[in-house]
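Participant: Before I ask anything, let me first share the structure, which is written out below as structure tokens.
The values are calculated or read from the model by the stated rules, or taken from the named source; none is laboratory data. None of these values were measured; they are calculated from a predicted model. All Cβ positions, even for glycine, are placed from backbone atoms using ideal geometry, and neighbour counts span all protein chains on display. Surface areas here come from the heavy atoms of the whole protein model, side chains and all, with no ligands, DNA or RNA. Shrake-Rupley method; radii C 1.70, N 1.55, O 1.52, S 1.80 Å.
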Amino acid sequence: MSARLQVSNLVKRFGGLTATNDMSFTVEPGESVGLIGPNGAGKTTIFSQIMGEHRQTSGQIHMGEQEISALSTPARIRRGVSRTYQVPRPFPEITVAENIRVGLMPDSVWQMVTRGADRDRERELALAVGFAEADLDRTPAELSMGDLRKLEMARTLATDPKVMLLDEVFAGLTVGEIATISALVQKLRDQGMTFLIVSHDLKALEPLIDRAIAIDRGTKIAEGAYSEVIADAGVRASYLGGGGDA
Amino acid sequence: MNLRWYHFAAWGALIAAMLLMPRLVDLGLMGRGTLRTMIQACYLAMFAISWDVLSGRTGYISFGHPFLIGIGAYGTAILSKKFGVPVELSIPLAVLITMIGGLVVLLPALRIKGSYFALVTLAFMELMYQLVQVIRPDLTGGTRGLSGIKTLTRGAENGYMLAVSLMLAVALGCWLLMRTRFGTALWALGQNEEAVSGSGLSTIRLKAMAFLVSAFVAGLAGAFLVHYNGSLAPRAMFDINSVFTIIVAALIGGAGTILGPVLGAFFLTFLLEWLRPFLPGAERFLVYGAVALVLYMYQPKGIYAIIEGGLKRLWGRA
Ligand SMILES: Nc1ncnc2c1ncn2[C@@H]1O[C@H](COP(=O)(O)OP(=O)(O)O)[C@@H](O)[C@H]1O
Ligand SMILES: [Mg+2]
């Protein structure tokens, strides 16, 4: 169920600002990689380019052997890469079940019309991310930030990805909710899912990743085992303010 | 689609009630004039349904629906009157031309967001109004339009039965379609287009399909209306007031619900008809604007939501 994600010499400029600066890295099948860096370092922008929501200025992105850099977002999702958003993007006026349904739909209007919703699968995904049965009929307006992040996870999972990009999945969550999402990520890792995870909560992130990539101002400054990356002088300077215990 | 017994009951009751209306005329409980007003309401209902399929859920507001209706109406009128094509063929052809022609012209506009789409559709309506007057007036009838177009029915009752059958078929078809996952996807599109794309769905394809269904209904209703009236006047057809009537009918009825626009169309048509003796001129439109506003403040989701809420309360009490 897994695939290799490869980013090569990626550059993204917003006017005069270089948000991604000659970025290259690979996430091997079944691997889980943490992407860390201070606010504005360019983590989300990398996700947006992998998904095709922002077109890169130059560079390539591959899923397995195939270059996906020129494909539309839905076409990339069909190739097996999917993301959550830092600011959750629910459909506010439809239910949790219907939100998940949108993620489950095939990209074919004919099939949308002729085949009914898979309610069992909707329920299964909702329960897997930690919703209760009763939440299925609630609308996002009634949900907490934790629930909205769960919904992001569920809709992302619904697209049946091989590689999941998680953007600040722990932000604004309670300790209990962090545990729920962490357990889900661990379970998916055991099943062979490939992850690229952005998180400011390093304590929650550390057990979920095999290695880390640190970036600052769009540039990769360190890559390797989590403890080594965190110990790196450049990382400490840019990210941890030169010391402190994360 | 998740159909429940009360869906069947409600549709059964609606269809039975609508088809039995002419019997009220027989019994002397209703005038023939009322039946003619209901015919107008049926066509407006179809236009409002057409608008609702495209704009009610996706938030891509069409201000140019008469453009689509006009292609259907002119299409069958010209084919049948000027080229002697039998009506059984000219109507389907006109509907096809509406779908293809409309899509070719408006597909680029569907790629741009929100308010631009409204402007572009409005511009196309105006453009079409100008074009039918200057390009081949021998075919379009120019400023005066066309008359002596073959009519399909004789008398109010037949005209009503045709209009109401068409309207019910269109309403039921669209209502069922909107209950599928396609309908859910269109809701989602109106709420967060980027997230629909981020869920793996091609938004341009969803919009194009909604547009095709909308154009199908608009072309069909426009074509049948022209064969009911037997004539076609461009000034009335491409009037900004007719755009507003369609949109207001859909909005006060309840956008996105298909049945709401039908309710809205009947409400609006009868309101205008009742107001006619008191306010013969265009100021009637001001009044319906005011009524729409008051209704909107009371329940922004329209008549449909008011009725739904009432039924739920009754049900809860029983
Ligand atoms: N659409 C955009 N237009 C212009 N600048 C942007 C845009 N998106 C992000 N940026 C800039 O790019 C930089 C990286 O942003 P981002 O990827 O969101 O950082 P991070 O996710 O690491 O906090 C920031 O300086 C941000 O202001
Ligand atoms: Mg970010």
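Participant: Hey, can you tell me all the residues within region B:208-237 that are modelled with pLDDT under 95 and either among the charged types (D, E, K, R) or touching a Gly at 6+ places or on another chain (Cβ under 6 Å) (or both)?
Facilitator: Hits for region B:208-237 are B:L232, B:A233, B:P234, B:R235, B:M237.
Participant: What number of residues within region A:31-65 are within 15 Å of A:T194 (Cβ to Cβ), more than 16 Å from ligand 2 (Cβ to nearest atom) and either modelled with pLDDT under 95 or touching a helix residue (DSSP H, G or I) at 6+ places or on another chain (Cβ under 7 Å) (or both)?
Facilitator: Going through region A:31-65 one residue at a time, the tally reaches 4.
Participant: How many residues does region A:12-33 contain that are more than 13 Å from ligand 1 (Cβ to nearest atom) and either on the phi < 0 side of the Ramachandran plot or open to solvent by less than 70 Å² (accessible area, probe 1.4 Å) (or both)? Show your work before the answer.
Facilitator: Step one: of region A:12-33, the residues more than 13 Å from ligand 1 (Cβ to nearest atom) are A:22, A:24-33.
Still in the list and also either on the phi < 0 side of the Ramachandran plot or open to solvent by less than 70 Å² (accessible area, probe 1.4 Å) (or both): A:24-33.
Residues that pass the stated criteria total 10.
To keep it simple, each residue is scored yes or no on (1) free of Cβ contacts under 8 Å to residues at least 60 places away in the same chain; (2) within 12 Å of the chain's Cα centre (by Cα); (3) part of a loop (DSSP other than H, G, I, E, B).
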{"site": "A:G146", "(1), (2), (3)": "yes, no, no"}
{"site": "A:L151", "(1), (2), (3)": "no, no, no"}
{"site": "A:T156", "(1), (2), (3)": "no, yes, no"}
{"site": "A:P161", "(1), (2), (3)": "no, yes, yes"}
{"site": "A:L165", "(1), (2), (3)": "no, yes, no"}
{"site": "A:V169", "(1), (2), (3)": "no, yes, yes"}
{"site": "A:G172", "(1), (2), (3)": "yes, no, yes"}
{"site": "A:S182", "(1), (2), (3)": "yes, no, no"}
{"site": "A:L196", "(1), (2), (3)": "no, yes, no"}
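Participant: So, of the residues in region A:164-203 that are more than 19 Å from A:Y226 (Cβ to Cβ) and within 16 Å of ligand 1 (Cβ to nearest atom), which turns out to be least open to solvent (accessible area, probe 1.4 Å)?
Facilitator: Checking each candidate, the answer is A:A171.
Participant: Can you give me the ranges of the helices (runs of 4 or more DSSP H) entirely in region B:83-198 with at least 2 residues that are of a type in the set (G, A, S) and buried (at least 21 other Cβ atoms within 10 Å of the Cβ)? It would help to see each step written out before you state the result.
Facilitator: Details: elements: B:87-111, B:114-134, B:137-140, B:155-178, B:181-191, B:193-197.
Correct list: B:87-111, B:155-178, B:181-191, B:193-197.
Participant: Being open to solvent by 40 Å² or more (accessible area, probe 1.4 Å) and in contact with a Phe, Trp or Tyr (Cβ under 7 Å, 6 or more places away or on another chain) narrows it down to one residue among B:N229, B:N241; which is it? Walk me through how you get there before you give the answer.
Facilitator: Values: B:N229 fails: in contact with a Phe, Trp or Tyr (Cβ under 7 Å, 6 or more places away or on another chain).
B:N241 is the lone residue from the list that is open to solvent by 40 Å² or more (accessible area, probe 1.4 Å) and in contact with a Phe, Trp or Tyr (Cβ under 7 Å, 6 or more places away or on another chain).
Participant: Only one of (1) hydrophobic (A, V, I, L, M, F, W, C); (2) in contact with a Ser or Thr (Cβ under 6 Å, 6 or more places away or on another chain); (3) within 14 Å of chain A (Cβ to nearest Cβ) is not met by B:A188, so which one is it?
Facilitator: Here B:A188 meets the rest and fails (2).
Participant: Can you tell me which residue within region B:213-224, out of those that are closer than 13 Å to B:I71 by Cβ and open to solvent by 10 Å² or more (accessible area, probe 1.4 Å), is farthest from the other protein chains (Cβ to nearest Cβ)? Walk me through it before giving the result.
Facilitator: Filtering region B:213-224 down to residues closer than 13 Å to B:I71 by Cβ leaves B:214-223.
Checking which are open to solvent by 10 Å² or more (accessible area, probe 1.4 Å) leaves us with B:216, B:220.
Numbers: B:F216: 14, B:L220: 19 Å.
Taking the candidates together, the pick is B:L220.
Participant: Can you work out which of the residues in region A:108-130 that are buried (at least 20 other Cβ atoms within 10 Å of the Cβ) and closer than 23 Å to A:T194 by Cα is farthest from the other protein chains (Cβ to nearest Cβ)? Working first, answer last.
Facilitator: Let us first name the residues in region A:108-130 that are buried (at least 20 other Cβ atoms within 10 Å of the Cβ), namely A:109, A:112, A:122, A:125-126, A:129-130.
Those left that are additionally closer than 23 Å to A:T194 by Cα: A:122, A:125-126, A:129-130.
Values: A:E122: 11, A:L125: 13, A:A126: 15, A:V129: 15, A:G130: 20 Å.
Going through the qualifying residues, I end up with A:G130.
Participant: Limited to region A:37-89, what total is found for residues that are within 10 Å of ligand 1 (Cβ to nearest atom) and over 30 Å from A:S144 (Cβ atoms)? Quick ask: steps written out before the conclusion?
Facilitator: Pass one, region A:37-89, residues within 10 Å of ligand 1 (Cβ to nearest atom): A:37-49, A:53-54, A:86.
Imposing the further condition that a residue be over 30 Å from A:S144 (Cβ atoms) reduces the set to A:49.
Of the residues in region A:37-89, 1 are within 10 Å of ligand 1 (Cβ to nearest atom) and over 30 Å from A:S144 (Cβ atoms).
Participant: Now for a different question. Look through region A:72-106, keep the residues that are within 24 Å of A:H62 (Cβ to Cβ) and open to solvent by 30 Å² or more (accessible area, probe 1.4 Å), and return whichever of them is farthest from the other protein chains (Cβ to nearest Cβ).
Facilitator: Once the filter is applied, the top-ranked residue is A:R79.
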